[in-house]
Every structure is written in structure tokens, then in C-alpha cells.
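To start, the structure under review is shown below, and the notes come after it.
The values are calculated or read from the model by the stated rules, or taken from the named source; none is laboratory data. Since this is a predicted model, take the numbers as computed values, not measurements. With ideal geometry, Cβ positions are generated from the backbone for all residues, glycine too; neighbour counts draw on all protein chains shown. To get the accessible areas, we keep the full protein, side chains included, count just its heavy atoms, and leave off ligands, DNA and RNA. Shrake-Rupley method; radii C 1.70, N 1.55, O 1.52, S 1.80 Å.
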Amino acid sequence: MAADQRTPLSDISLRDLYRLLDPVTVPAASPRASFINWGLSYECTPLAVFEPETEHECELVLELARREGKTVRAAGVGHSPSDLACTSGYMLRTEKLNKIIQVNTEKNYVLAQGGVTLNALHAVLATHNLAMINVGSISDQTLAGVVTTATHGTGVRFKVISTHVRSLTLLLADGSRVRCSREEHSDLFLASLCGLGSTGLILQIQLEVGPAFRLKETQVSVPFHDVVQALDAYANAAEHVRLWWFPQADVVRVSSADRTNEPKNPVGTFLWHSFIGFHLIQFLFFLGRYIQGLNPWICRLSARLDREKTTTVDDSWRVFNVDCKYPQFTTEWAIPYEKTSACLLELRNWLEEEHADPQGLRPHFPIEIRFSDGDDIWLSPSNSQRTTWIGIIQYKYVNSGKPDLFVLVTHADELTRLVFFSRPYGLNVPYRKLFERFEHILARHDGRPHWAKSHPLRSADLRKLYPRFDNFIHVLQTVDPNGIFRNEYIERHLFDKPYDERVFKRIQSS
């Protein structure tokens, strides 16, 4: 039977359903039949991969899943450094669902499909003299991916990007479409703003934007103790502040950015923006895998190469974004802002103990620190508190050995976040022991993990951290009682199903 969009899905035979989906089904022999995330750390081979170009084709994929008793997992560009997007069921790739439907310059909003990337959105908004209000460190990911993980930028008076969403249009597990906002279906809306892709497929997003603006960013190097002792002054010194901590050099690179009308004047540095700097640091990290004593020296060298004060003026998103350099393992946690100094001092003591031990860990750098204001999104790590985000990284290399790390610190309402990451030449690197020790320290300071990153928490842990956790689970069970949109990540962390964290590990490492 010939079927079109007016034909009720229930009237389409299974045979015709397969036929209609054939043009958007990735052949099993295609490289795209498997999924690998950007960090090269997780991969999966779904039962089938679909690349729909229309919302009706999304409805067909969901109808097939219901009839076959399979799950559906939406995946964008795969930038999450965890197995959040991985699945053993059906995968729906959203990269072709990338239309920008409307740009409203009077009411300052854009209506776009969930699969549009931030890079594409920046370009279109610029033609209308508009821009996103705040942006994270990268713009490669899809808008739906940003929203569903409560991705953040930095600035103590700026909330996570999901708070800029005015409304969502979702395709629910029963095949119905629903528009939700703070005014209609508000529980579904607040659950979906950091819903981890489990409340439904995000078809359209109405996002608040603002007039295009430039940022003037100044970077200076400051001794670690000076920053910690006057952390509040540094965090509030500009609209957008982020810190890069070089632990072995005992130095913090402070980035402070404010809106400006000054003409563009982009300025790069040898370490982060030159061809030579890129390959020099990667090669040194590679040597540090085999000669552990090199890692502290590499950190001190890098801090020295990047010690001069710099000032740059450019379009907002170009200043917000940073070069992530190499494939990496990473973890990032958010802590209450008021606990930032104590947490950083404990991290410093731990790293000094590692350095004093001949068999201790020799981490990469830097550690990144950013900030965000509190919000009311149920599963946002900044829920009800100003936050500092701290992250570490492990650059990849071959075989086993001591890990290298990077730390970043950021603030918002009363919450702090830390991050570690890096993988030279895309080769594997041990990181688990490093991350475990880091996570134990962050947990002692009431840390909440970034949802896009790997973490060990289960429902009992999350229930203590998120006052509305049970409300979220109730919405999930109401709109998707059979778990069509759940994957191993959701089942493991939210429902305590026995899926190992390493089930989708691309390369097993210690």
C-alpha cells in the first residue's frame, strides 16, 4: 500500500513501514552503522541506525520501534565523552534534522530543529545581528544535545543554556507530539530541559537569543594561592570568568571577558593557537607517557609559554569557544560556589601528595574551572545553587601507565565545577584511578557530575543530590512507561539496572 503523511501510522503494514524507512536506514556495511563519540572513548553498533530528514520519518522510526519492541536512542554529533548516546537498540541520528525554522528579531528568539549545530546557529543568527546569550567551550554539538544535558558556559550571573529555552516540541513514546513550556505541560518542560534524551525526541526548540555582541577578553597568569584567597573577587571581576589551573606550575590562567563595542582584534597565543604549539605539546605529552618525570616539566613549560598578558576582541561565540586540542577522557563536576576555595585546596594537597610519591600519578594540565548561576531545572547540576564547575582530562596514548590530567574551574549561582582531560595522538591512556580520586574529593564537597560525562552515581546518590529527582522519574514513567527512549546509560544511572559502565568502551583501559 502507498502511504503518505496523512495515512494513520497504525494503518501502515510492517512491510510498508520497512519500505518507507529504507531510504533513511544506514546500510549495515556503512561506517555510519556504528557510532563512536568524539573522544574516541565509547562506541556501539546499534541494531539499526536511521538518519531521518523529516519529522514524519521520526514518527515512522518510533512506530517501528513500538511494533518490534525495541528502544530508540537519539544521537547528534556524539560530543558527549560518555556512553550517554550509545545503545544496543535503534539509533536515530539527528544531524539532518537541522533546519532553522524562524528567526524573530522583534521578540529575540529562534525556532530550530533539535539537530542543528551551534556553529550553524551562530552563522544564521549573525546575519540577523543576533547571538546566543551564553555559549560553552565548543559549538560542534547539536542544540538538542546542549539542552538535554544542561550544558553551561561561564559567568556567575549566567545560568545554564537550557534556561534560555522558551518552549520545546517533543515526539513522545506513544507517537503524539506535544509543545511544552513554563506555561503549558510545565512538568514535562522542566524535566526535558535536562532530560538526557529520555522524555521524548526533541523535534523543535524555541530559544531566546539577544542582540549580537563582541567580547573583550583579557588573560593573565596569577599564582594559585592569590586566586584561591580572593576567589570571589576574581569570579565577579567580569561577566564571564574562567580559570585554567596549571597545578605543577602553581599558576592559574585567568580569563575575564566583558561585552564591548571596541573593534575586533583577535589575538592568539603560541601555546594554544599556533601550529607549532599544538604539535609540540602533543608530542611532549606522548613522551610523558613513557618518561613520567617529564609531565611536571611539560606543565611548567606550557605555563611559561602562556604567561604573557593577552587581550582579544571578537564575536561573542569565538571568545566563548576554546580549542579542545586532542581526543580525551574527561570528567567534570559541579559543586556549590561557596565551597570552591576549600575544594581547590584539597585538590592541590592531593596532587602534591601524588607528586611526592615516586609511584604517584603524574597528571596532564590544565584543570578548568567555570561558574554558573542557580536555576530551577530539575536535574540541572546548578539546580537551586550558584555553581562552580571543575573538570579534568586525560590525553590519550598507547598501553598502560601513569595518567596525565588537566583541571578547569568555573562558577555560577553558588556552584563550582572541575574538569580533567586529554589523549595525545588519539591513543589510549589510563585514567580510572585518577578520575576516582578526583571524584571522591568532589563528592565530599557535594559535587554533582556533568550529565554528559561518565560518572559512578546511581539513583540513591542522585536522589540525595536532586530534590526533584522523584518528580523527574514520575514524568518519565508517565510519558514513556515502556522505556522506549531509555538506553543503557539511563537504565544504569536512573533505574539501577546492572549495565556495566564499560559496556560500550572502545578501548579497555585501567
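Modelled this way, with points 7 Å down the Cα-to-C-beta line, the labels at E262 and N119 are 2.8 nm from one another. Of interest is the spacing of the C-alpha centroids, which for the range 213-241 and the range 325-359 amounts to 19 Å. Based on protein heavy atoms only, the chain ends up with 38 Å² per residue of surface accessible to a 1.4 Å probe. Just so you know, the averaged projected area of the alpha carbon convex hull for the chain sits at 22.8 nm². Placing pseudo-labels 7 Å out from each Cα toward the beta carbon at S186 and D232 gives an inter-label distance of 3.3 nm.
Accessible surface comparison of H279, H185, H364, probe 1.4 Å, protein chains only, largest first: the order is H185, H279, H364. Relative to the longest principal axis of the Cα atoms of the chain, the long axis of helix 294-305 lies at roughly 90 degrees.
Taking only alpha carbon atoms, the range 100-211 gives an Rg to Rh ratio of 0.95, where Rh is the Kirkwood radius.
Ordered by packing density, taken as the mean number of other Cβ atoms within 10 Å over each peptide's residues, highest first, how do 331-344, 289-302 rank?
Values: 331-344: 25.5, 289-302: 18.2.
Packing order, densest peptide first, comes out as 331-344, 289-302.
Starting from the Cα-Cα distance between R463 and K309, subtract it from 0.36 nm times their residue separation and give me the gain in nm to one decimal. Kindly include the intermediate steps, with their values, before the conclusion.
Working: separation 154, 0.36 × 154 = 55.44 nm, distance 4.44 nm.
Gain in length upon complete extension: 51.0 nm.
Solvent-accessible surface of protein heavy atoms, probed at 1.4 angstrom with all chains present, puts Y499, Y42 in the order Y499, Y42, largest first.
Sequentially through the range 362-370, phi angles give Karplus couplings (6.51, -1.76, 1.60; θ = phi - 60°) of 10, x, 7, 8, x, 9, 9, 10, 9 Hz, Gly and Pro residues having no value and appearing as x.
Computing the accessible area with a 1.4 Å probe over protein heavy atoms, can you report the carbon and sulfur percentage for the range 1-127? Numbers along the way, then the final one.
Details: 2940 of 5710 Å².
Within the range 1-127, the accessible surface is 52 percent carbon and sulfur.
The C-alpha atoms of the range 273-383 occupy a region whose extents along the principal axes are 48, 38, 27 Å, arranged from largest to smallest.
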